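For reference, the structure is listed below as structure tokens.
The values are calculated or read from the model by the stated rules, or taken from the named source; none is laboratory data. What you are looking at is a predicted structure, and each value in this text was computed from that prediction instead of being measured. Don't worry about glycine lacking a Cβ; one is built from the backbone with ideal geometry, like all the others, and counts go over all protein chains shown. Just so you know, the surface numbers come from the protein's heavy atoms only, side chains and all, with ligands and any DNA or RNA stripped out. Shrake-Rupley method; radii C 1.70, N 1.55, O 1.52, S 1.80 Å.
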Amino acid sequence: MHLYNLSLQAPTAVTHSVVGNFSGARQQELIVSHGTRLELLRVDGQTGKISVVLATDVFGSIRSLASFRLTGGTKDFAIVGSDSGRIVILEYDPKTNSFLKLHQETFGKSGARRIVPGQYLATDPKGRAVMISAMEKSKLVYILNRDAAANLTISSPLEAHKNSAIIHDIVGLDVGFENPMFAALEVDYSESDQDPSGEAFMNAAKMLTFYELDLGLNHVVRKWSEPTDSRANLLVQVPGGQLGSTEKFDGPSGVLVCCEDHIIYRHMDAPQHRVPIPRRSHPMEDKDRGIIITSAVMHKMKGAFFFLLQSEEGDLFKVTIDHEDEQVKSLKIKYFDTVPVAASLCILKLGFLFVASEFGNHYLYQFQKLGDDDSEREISSTDFPSLGMENPSSPLPHINFRPRPLDNLALAEEIESLDPILDAKVLNLLPNSDTPQIFAACGRGARSTFRTLRHGLEVEETVSSELPGIPNAVWTTKLKEDDTYDSYIILSFINGTLVLSIGETIEEVQDTGFLSSAPTLAVQQIGADALLQVHPHGIRHVLADRKVNEWKVPPGRTIVCATTNKRQVVAALSTAELVYFELDSDGQLNEYQDRKAMGSTVLALSIGEVPEGRLRTPYLAVGCEDQTVRIISLDPESTLETISLQALTAPPSAICIADMLDASIDRNLPTMFVNIGLQNGVLLRTVLDPVNGQLTDTRTRFLGSRHVRLVRVTVQRNAAMLALSSRSWLNYTHQHMLHFTPLIFENLDYAWSFSAELCPEGLIGISGNTLRIFQIAKLGNKLKQTTMPLTYTPRKFITHPQNRLFYMIESDHRVHSEEAVSTKIQEMQRNGQRVDHAMLDLPPSVFGRTKAPAGTWASCIRILDPIEAKTVHVLHLDNNEAAFSIAITPFISQGSEHYLVVGTAKDTFIAPRSCTSGYLRTYRFTDEGRGLELLHKTETDDVPMALLAFQGKLVAGIGKSLRLYEMGKKKLLRKVEAKTPLAIVALETQGSRIIVGDMQESIHYAVYKPLENRLLIFADDVSPRWTTALTMVDYNTVAAGDKFGNFFVNRLAESASNAVDDDPSGAGILHEKGQLMGAPHKTKMMCHYHVGDIITSLHKVALVAGGREILVYTGLHGTIGILIPLVSKDDVDFITTLEQHMRTEQGSLVGRDHLSWRGYFTPVKAVVDGDLCETFARLPAQKQASIAGELDRTVGEVLKKLEQLRVSTSGF
Amino acid sequence: MSSRAEGELRYTANTQLEHLHARYTGTGHADITKYDWLTHQHRDTLSSIPGHPTLLSYLAIADGEAKGRVKFELAERMLQPCGPPPPKEDD
């Protein structure tokens, strides 16, 4: 068994983001890390739209990210700390649109280890040094400089280690041009490790330590170390240093120490300032719970600076410092706005705030104002005795604020993010769809969503209008060559042509020079200012003064098809002759003296655009009824001579020559593609060799059931091609690579580019008698999402076997249920306390829910309609119960009526896992599954984490116990039980076999023997694995994912499987001797692969109609990937050899060894990394050729094989 | 004579070992106490979780806390993950 892994959707969670001028232009960009992927984003200052400029997999885990700029430089560099044991400096190269690795310095072992640096990064604001630190002890400082040729240099590392110190955070101090300094927040554990009384532990002080890099002596000294608040967690740089010219201080320098409930300003030998973090005045607030700052950003403007600090509830606080030179007068804090809790915040000079949410969609906000003169209360350190430091160990009084909707910020852009995907299903439920959709339960807390993902580009429709008849084609045209926008829309009907003019409104015009009494075959703006119409009986050349030169078809013949560009026209006559015209220097259309007889009726014609600076395109493609396509020369030397011929499998219906950029073929110049659409719905894509006119590198793709029509269009200023069949597809270049993606839109019969003032980059299409004007906004996004909000974090959902509804359980820890809130409020009102109802009414999707103590849960069961994307019914759970598992079971004893069983637990604590009681709630479906009626609750002794319908009964994983339940009158009746080592989290079944996924102990195989009513575990795994999701690949094989981001496949030996099945009573298994303190049989590991994301669901499905079954998985951080079984030995050999070459050619961007990354915990086995293989297309041509040579193939064959693997199984 | 040489050897070997242990925090040795071993294990785990972004998310979702809070509490727990050390026997 060999698998090929491909990601269809890269992780969307952002772990870090930095801002800088990475391309060196006067424009700020963002670099975001998605954990295993780096992206460069650009923000459009006018529209606030974010576009992805570059995205690359790094094949390693990014743990920290920082940017810096050398003094006097104009370009920022990025530094990446990862699990590679190396520090890497990256430069963005706008020319090749790639990250260049400038430096890679090794300092330790790979892996996210305790004392190997990589967790934290801090840079000197003047770009002279960088500190990289581990969670404990190790800190290394590198000096950054320029050499004589102005190249960036990096020194050997200088150690700033401190033994037995836990490091909470580090930051670079702004000291101007004095020696660079770094601050670290450290706790020493050596004393508390030695003191049995626990006193040293109680007195352990968190130290704020300043490290100075002495540039003269080239070493690091511990300059200053003072205890600070013991609950400090974050350091923020405060501007400092003098401006060279004015000698004015930028700021006081030093750091902000963010602690639980407080912010402290600290600097060497300077008085401290302390202010409290304001708290929400919410009636349900837990007054004893502290608040910490989880992310912060500092922004410098001309002569001023401020900080935005975000609390763990999402509230942003603006912090300012009043200072006179280096003396701080006061530290002030005030409430700013509330945005989703961020993993990282960035402020752009254009006036935007980028919020990379820790879960869910990311946002870009525009600053409306800076909260300078509003009524929000500002708290100053001078309001408190001794600047808030009178008694540093005791808290300052609580100060409250009222959260409110956005005031200082306005939403500019939202980036969709699936993170986290907690469960998913792959099914085809939507009408008119031949491929399955992915239904995903995403998000956390009140921002959770249910999303339907469809493969295809999202289309925004601007106009749609009904037409009097059904047109068969549409064109738009400009009047003059240098017009920006189109002026006419031309519609061709069976017996006539309609011309519409585009102005403020779209209306019919008459005197255009176009023939309106006949259908139109082609329309072209030709020459400088003339128009051209081809109709069955002639070609009309409409000059600027409306004078018409008409070329008439000889009597008895008609034009059957035509193709045009700015200077050339080719028409095919009903007698299978080709007529060729060319524009001369006077703007006259001249016919070439000879006509070319084709010998077979011409069905399709195409010529490319005139290349810039040329007079003509040299090639014409002709598709004939005899199932051939011929390339014919238009060169003056050999006009109308046949150059090459390609045989087809069906008659062609359309041909389109398009020049498009594809970096895998040529990274600088567009390639000339000849696309041939066949009448059976197949598209052939071939490359036309510009030198000899031969067709090479043919790729096929099935588009749909109707004959194919092809149209050359422009999308986002690039050449693209629309292919219309029973689905519409777009062929386009995105990030220098060619893509082919369906449009999620109504079927189009014909389409053309459309450009007007209101819609400069649009397309126009006809479907039936409707005219539609639309545009494609996001090219990078191949999955269209439909989103529906949920109440709490979704945990699991299931489908009903008879209706098309989903049943979902949602539960949130540390949240009061609605029932608990109303009880508490009533109690408060009874006690005469005033209740602020306005605070209770704040929408939780924006402000979140108030944090409750551990062991408090809010939970519900939701019935939802996935097709309409709406909730049908919600059932809130009472009694502090939280739902953990769900199943629909047809109980045989009840005449196979379906029941919904939900496993819940009361007062659940997560670590250590405990609950006062678990329950199996049994519901009867009412109203055709749209309602639920509680029948009974069955108490259990532990949390029921997994439920499954099994042979007309229910199997439940309740803690360690695997139990079989039968329906009873008052409760479910326990029939039989088996035990696993720790806790059952996943169940699957086939026949009488039950596959059990254990929380820590991998996968167990159990069998039910009804004869003796025995439930027996007969096989297990030799290694412990923290199972998260599993699916049966076949009767003996299980594919599963674990908590550390691994994918693996276990298989039971055929002989053991048969032996178990042949034993009618199970007595044989019962008395067999266990192996290695476990079950008598052991499974064998077949495949192993480190995905880099925690797999949350696994499915065995076919993604394309009639395609092979593959494994589809979803990952916690928003990954959607597939694992394709390789069928032939040849494929395996080819692809593994290619992977080996790619490993050596394409090193990881963060310096992680690819083989050890994919074999993070267990060596990779029998899985090929398709994402790595596909980077073959991005290699320089020379390297491509040498690798292809080693594989005994041509570059084209390698690329074709890679594409075929992806397309034939996923359609992506 | 031989015992003296052995003693010296042991002495030098020990200093080397001590040096290595000081350099590679978290490395165990034959005579490690249960408490020390457990504390090392816990510290390794606690520092590894924030080092793997997906694991941190996993914990944060389960616990219903912000990632920043989970990371902070993990780092705080590194100070003494397994309670105070057992009293020394010779005391």
Inset, instruction - Give just the number: which of (1) surrounded by fewer than 22 Cβ atoms within 10 Å (Cβ to Cβ); (2) closer than 30 Å to residue A:851 by Cα; (3) modelled with pLDDT under 95 does residue A:478 not satisfy? - result: (2)
Legend entry - Among (1) within 30 Å of residue A:256 (Cα to Cα); (2) under 21 Å from the mean Cα position of the chain (by Cα), the one test that residue A:413 misses: (1)
Legend entry - Failed item in (1) farther than 20 Å from residue A:63 by Cα; (2) within 14 Å of another protein chain (Cβ to nearest Cβ); (3) open to solvent by less than 20 Å² (accessible area, probe 1.4 Å), with residue A:137 passing the rest: (1)
Legend entry - Wholly within the range A:648-737, strands (runs of 3 or more DSSP E) carrying at least 1 residues that are open to solvent by 10 Å² or more (accessible area, probe 1.4 Å) and of a type in the set (A, V, I, L, M): A:652-662, A:666-678, A:682-688, A:695-702, A:709-715, A:718-724
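For (1) open to solvent by 50 Å² or more (accessible area, probe 1.4 Å); (2) touching a residue at least 12 places away in the same chain (Cβ under 8 Å); (3) away from chain B (no Cβ under 14 Å), each residue gets a yes or a no:
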{"residue": "A:993", "(1), (2), (3)": "no, yes, yes"}
{"residue": "A:1007", "(1), (2), (3)": "no, yes, yes"}
{"residue": "A:1010", "(1), (2), (3)": "yes, yes, yes"}
{"residue": "A:1014", "(1), (2), (3)": "yes, yes, yes"}
{"residue": "A:1028", "(1), (2), (3)": "no, yes, no"}
{"residue": "A:1031", "(1), (2), (3)": "no, yes, yes"}
Legend entry - Given (1) among the polar types (S, T, N, Q); (2) open to solvent by less than 40 Å² (accessible area, probe 1.4 Å); (3) over 22 Å from residue A:1004 (Cα atoms), index of the condition residue A:961 fails: (3)
Legend entry - Count - residues of the range A:446-456 that are open to solvent by less than 10 Å² (accessible area, probe 1.4 Å) and within 14 Å of chain B (Cβ to nearest Cβ): 1
Legend entry - Those strands (runs of 3 or more DSSP E) lying entirely in the range A:494-564 with at least 2 residues at pLDDT below 90, within 25 Å of residue A:756 (Cβ to Cβ) and among the hydrophobic types (A, V, I, L, M, F, W, C): none
Legend entry - Tally, over the range A:47-64, of residues that are among the hydroxyl-bearing types (Ser, Thr, Tyr), open to solvent by 30 Å² or more (accessible area, probe 1.4 Å) and either more than 17 Å from residue A:1091 (Cα to Cα) or within 14 Å of chain B (Cβ to nearest Cβ) (or both): 2
Legend entry - Number of positions in the range A:430-445 that are within 14 Å of chain B (Cβ to nearest Cβ) and open to solvent by 30 Å² or more (accessible area, probe 1.4 Å): 1
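When you go through B:22, B:60 one by one, which is the residue that is closer than 21 Å to residue A:419 by Cβ, within 11 Å of another protein chain (Cβ to nearest Cβ) and part of a helix (DSSP H, G or I)?
After applying the criteria, what remains is B:60.
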Legend entry - Hits in the range A:899-930 - residues which are closer than 23 Å to residue A:866 by Cβ, modelled with pLDDT under 95 and surrounded by 14 or more Cβ atoms within 10 Å (Cβ to Cβ): A:929
Inset, instruction - Considering only the range A:1091-1110, state which residues are in a strand (DSSP E or B), open to solvent by 10 Å² or more (accessible area, probe 1.4 Å) and under 17 Å from residue A:1048 (Cα atoms). - result: A:1096, A:1098, A:1099, A:1100
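Would you mind listing the strands (runs of 3 or more DSSP E) fully within the range A:359-477 where at least 1 residues are over 29 Å from residue A:8 (Cα atoms)?
A:362-367, A:378-380, A:409-415, A:460-466, A:473-477
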Inset, instruction - Consider residue A:184 carefully, then state whether it is within 24 Å of residue A:290 (Cα to Cα) and either aliphatic (A, V, I, L, M) or touching a residue at least 40 places away in the same chain (Cβ under 8 Å) (or both). - result: yes
Legend entry - Pair list, Cβ < 7 Å and 6+ apart or interchain, from the range A:384-397 residues that are closer than 16 Å to residue A:261 by Cα to residues that are open to solvent by less than 70 Å² (accessible area, probe 1.4 Å) and of a type in the set (Val, Ile, Thr): A:388/A:275
Inset, instruction - Would you please name the residue that is modelled with the lowest pLDDT, looking only at residues in the range A:463-472 that are over 12 Å from residue A:756 (Cβ atoms) and open to solvent by 10 Å² or more (accessible area, probe 1.4 Å)? - result: A:468
Legend entry - Subset of the range A:30-54 that is among the charged types (D, E, K, R) and over 29 Å from residue B:55 (Cα atoms) - its residue that is farthest from the chain's Cα centre (by Cα): A:44
Inset, instruction - State the number of residues belonging to the range B:68-91 that are open to solvent by 20 Å² or more (accessible area, probe 1.4 Å), in a helix (DSSP H, G or I) and either hydrophobic (A, V, I, L, M, F, W, C) or facing chain A (nearest Cβ under 7 Å) (or both). - result: 1
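Conditions tested, residue by residue: (1) within 9 Å of chain B (Cβ to nearest Cβ); (2) out of contact with any helix residue (DSSP H, G or I) (no Cβ under 6 Å at 6 or more places or on another chain); (3) open to solvent by 30 Å² or more (accessible area, probe 1.4 Å).
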{"residue": "A:163", "(1), (2), (3)": "yes, yes, yes"}
{"residue": "A:178", "(1), (2), (3)": "no, yes, yes"}
{"residue": "A:191", "(1), (2), (3)": "no, no, yes"}
{"residue": "A:198", "(1), (2), (3)": "yes, yes, no"}
{"residue": "A:202", "(1), (2), (3)": "no, yes, yes"}
{"residue": "A:209", "(1), (2), (3)": "no, yes, no"}
{"residue": "A:215", "(1), (2), (3)": "no, yes, yes"}
{"residue": "A:243", "(1), (2), (3)": "no, yes, yes"}
{"residue": "A:246", "(1), (2), (3)": "no, yes, yes"}
Inset, instruction - Pick out the one residue from A:675, A:692, A:668 that is more than 42 Å from the chain's Cα centre (by Cα) and under 30 Å from residue A:1175 (Cα atoms). - result: A:692
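A quick yes/no check of all residues on (1) outside the structural domain of residue B:74 (by the TED database); (2) farther than 25 Å from residue A:168 by Cα; (3) over 8 Å from the mean Cα position of the chain (by Cα):
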| position | (1), (2), (3) |
| --- | --- |
| B:21 | yes, no, yes |
| B:40 | no, no, no |
| B:45 | no, no, yes |
| B:60 | no, no, yes |
Inset, instruction - Please verify whether the range A:1117-1124 includes one or more residues that are surrounded by fewer than 21 Cβ atoms within 10 Å (Cβ to Cβ), at negative phi and of a type outside the set (D, E, K, R). - result: no
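Results for (1) polar (S, T, N, Q); (2) in contact with a helix residue (DSSP H, G or I) (Cβ under 9 Å, 6 or more places away or on another chain); (3) part of a strand (DSSP E or B); (4) within 11 Å of another protein chain (Cβ to nearest Cβ), shown as yes or no for each residue.
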{"residue": "A:108", "(1), (2), (3), (4)": "no, no, no, yes"}
{"residue": "A:118", "(1), (2), (3), (4)": "no, yes, no, yes"}
{"residue": "A:121", "(1), (2), (3), (4)": "no, no, yes, no"}
{"residue": "A:130", "(1), (2), (3), (4)": "no, no, yes, no"}
{"residue": "A:156", "(1), (2), (3), (4)": "yes, no, no, no"}
Inset, instruction - Could you grab me the full set of residues in the range A:1-25 that are assigned to a loop (DSSP other than H, G, I, E, B) and open to solvent by less than 30 Å² (accessible area, probe 1.4 Å)? - result: A:10, A:11, A:12, A:13, A:14, A:15, A:21, A:22, A:23
Inset, instruction - Tell me the strands (runs of 3 or more DSSP E) entirely within the range A:746-852 that contain at least 2 residues that are open to solvent by less than 40 Å² (accessible area, probe 1.4 Å) and closer than 24 Å to residue A:418 by Cα. - result: A:783-789, A:794-799, A:806-813
